[in-house]
Ligand code: SER
Ligand code: ZN
């Protein structure tokens, strides 16, 4: 039975898992009425947890338990306790094999979590906590196991049976069924498990990795959709090359598959080697698809592919760390889109989403930090703050330490944590070590919610050719956080004169000012004319900014700011100013000038 009271999960209560799973062998027999799942878990006590007599607790959501055996010995009712959510065995050896046989009914599963049917196909969604609806397992991202999955189903209705990793064996049974066994050589948490069965066709291609390995690429759809997969395939190949060139990340299995499914909650999902997409996020052709949809599809295909490293090879320790994989991967897909399309247009789109959705979230009752402290239902935390603000936090790290150190930090992060489940803190540490920069104060971006406000003013002394910029930062209270400490904010800026950017010394026309205190003043000498400050170029930090620009200032920025984003932003600000002025005029009973 479910608790009457919702239970709050707190980051501070995190404990290492008592048991590790070295391997899981799954045998899934798909049926119309009942699907039988047999599993064989190789379990052992986690030496790091130092809980020598802790009971074994496995998650399992409303499973119909057939039988349970420990080291080959069938267990009786009194040997275990199962309440519909947790399977508990009081006394178990230090290492043992637990076998279970359970029954589920995917055709009745409308949660779209776990194993379910979408039209004539079976598919799965296990992030965040769906695997517990398939079999008993420690359903937490810090338990990584080697998976082997055998899928059995009617051969005529389900000719295609897909799992994670490589297909190593297949066969046909006498009763009209067939089976395929998949083995994934990379240990993974169960949220990355996937299984698909259906009457699907595929668009096939291949990709040769930087080190010369050939990877088979397959996009599976219903036959009616086969003419809408070419664009996603092209985007996939571009993303694979880009990740090699920009992050030094190569694909690691012999095959990479995408499946398009009609009923799918999360736009798409990065299951190891077997990404599952909502059809709306993969199918495209020029007859039915707008330019914006093409771009969106390429971005999502890239996003899920990039998770193979930022999420799968290096995964999250717990769900409080969700932004570790999502913030970083959104940043990666956004840079991919910038590199393969228009950088300025992509930035404008991202900032528009941030300002309209994320700032609203951060300013309302749902405001939460990029790394939350507690949750009741993790499915409610797939938010614009975790994803988009999380991406901005990663972007700011690159802004502060520079592109070269950022790449070195990312290399260090992947090398050090490959095969591990880690935290946002581990990510920041790698960036600190690779750059030699202290990001102590910067960490507040992970723990403090709310959108900071920068109030900017300036003075110009023509006689002394001196320009001063004053910046004050503040951040409004958010639920549970009445007081905010100052953030470490990179403010990219330039000074614009009548003909464009002015020199700022040392041959530079642009600088990143670092704000760490509640207020700062910056002084610039040798400024021959009254400049207009071009503030927050490229939207270098997710903040609101106030500066008393005149309409003429904004017109000048629109005309000759060297930063494309800043030109667009000046236009937006000017448009709002003009509209406001017209509203005031109308409110005063007059007619605005044309
Ligand atoms: N993990 C998935 C994604 O963001 C959930 O939507 O790619
Ligand atoms: Zn993602």
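At 7 Å along Cα-to-Cβ for each site, give me the label-to-label distance between residue 560 and residue 79 in nm. That separation, rounded to one decimal, is 8.4 nm. Taking other Cβ atoms within 10 Å as a rough exposure proxy, 424, 110 sort from fewest to most as 110, 424. Between the helical axis of 230-247 and the longest alpha-carbon principal axis of the chain there is an angle of about 70 degrees. Which of rounded, prolate or oblate describes the stretch 273-371 when judged by the alpha-carbon gyration tensor and an a/c cut-off of 1.5? It is oblate, given that a/c is not under 1.5 and a/b is not larger than b/c.
Which percentage, to the nearest 5, of the DSSP beta bridges contained in the chain is antiparallel? Walk me through the numbers on the way to the answer.
Details: 99 of 122 bridges.
If we restrict to bridges inside the chain, about 80 percent are antiparallel.
Each label point was placed 7 Å from the Cα along the Cα-to-Cβ direction; for residue 344 and residue 506 their separation is 2.7 nm.
If R0 is 35 Å, the Cβ-Cβ spacing of residue 175 and residue 10 corresponds to a FRET efficiency of close to 0.10. Look at where the Cα atoms of the stretch 218-271 and of the stretch 71-119 average out, and the two centres are 32 Å apart. The ranking of 438, 526, 350, 174 by Cβ neighbour count inside 10 Å, starting from the fewest, reads 174, 438, 526, 350. Taking the C-alpha atoms only, the angle from helix 403-417 to the longest principal axis of the chain is near 20 degrees. Mean residue ellipticity, 222 nm, helices only, the chain: the sum of -39500 (n - 2.57) across DSSP H runs of n ≥ 4, divided by residue count and rounded to 500, is -8000 deg cm²/dmol.
Starting from the Cα-Cα distance between residue 101 and residue 550, subtract it from 0.36 nm times their residue separation and give me the gain in nm to one decimal.
Numbers: separation 449, 0.36 × 449 = 161.64 nm, distance 7.24 nm.
Full-extension gain reported as 154.4 nm.
Once the Cβ-Cβ distance between residue 576 and residue 474 is put in as r, and R0 is 25 Å, what FRET efficiency do you end up with, to the nearest 0.05? Efficiency computed from Cβ-Cβ geometry: 0.70.
Going by a ≥ b ≥ c, the root eigenvalues of the Cα gyration tensor, does the stretch 380-496 fall in the rounded group (a/c under 1.5), the prolate group (a/b larger than b/c) or the oblate group? Mind showing how you got there, number by number?
Details: a/c = 2.79, a/b = 1.47, b/c = 1.89.
The shape class here is oblate.
For the stretch 189-258, the square roots of the Cα gyration tensor eigenvalues, ordered a ≥ b ≥ c, give a/c of at least 1.5 with a/b no greater than b/c, which places it in the oblate category. Shape summary of the stretch 92-160, radius of gyration then Dmax from alpha carbon positions: 14.2, 45 Å.
For residue 245 and residue 513, calculate 0.36 nm times their separation in residues minus their Cα-Cα distance, and state this gained length in nm to one decimal.
Full extension from residue 245 to residue 513 adds 93.5 nm.
Spacing of the modelled spin labels on residue 499 and residue 590, each 7 Å from Cα toward Cβ, amounts to 3.8 nm. Return the tail of the calculated pair distribution for the stretch 57-103, meaning the percent of Cα-Cα pairs more than 12 Å apart. Tail of the P(r) past 12 Å holds 63 percent of the pairs.
The C-alpha atoms of the chain define a longest principal axis, and helix 390-401 lies at about 60 degrees to it.
For the stretch 302-404, relative contact order (Cα pairs under 8 Å, six or more residues apart, normalised by length) works out to 35 percent.
When only alpha carbons are used to place a centre, the stretch 120-134 and the stretch 415-478 end up 39 Å from one another.
Taking other C-beta atoms within 10 angstrom as a stand-in for reagent exposure, 256, 381 fall in the order 381, 256, fewest first.
Since every read-out is calculated from the coordinates, none of them should be taken as a lab result. Just so we're clear, the structure is a prediction, and the values are computed from it rather than from any experiment. Using ideal geometry, Cβ is built from the backbone for each residue, glycine included, and neighbour counts are taken over all protein chains shown.
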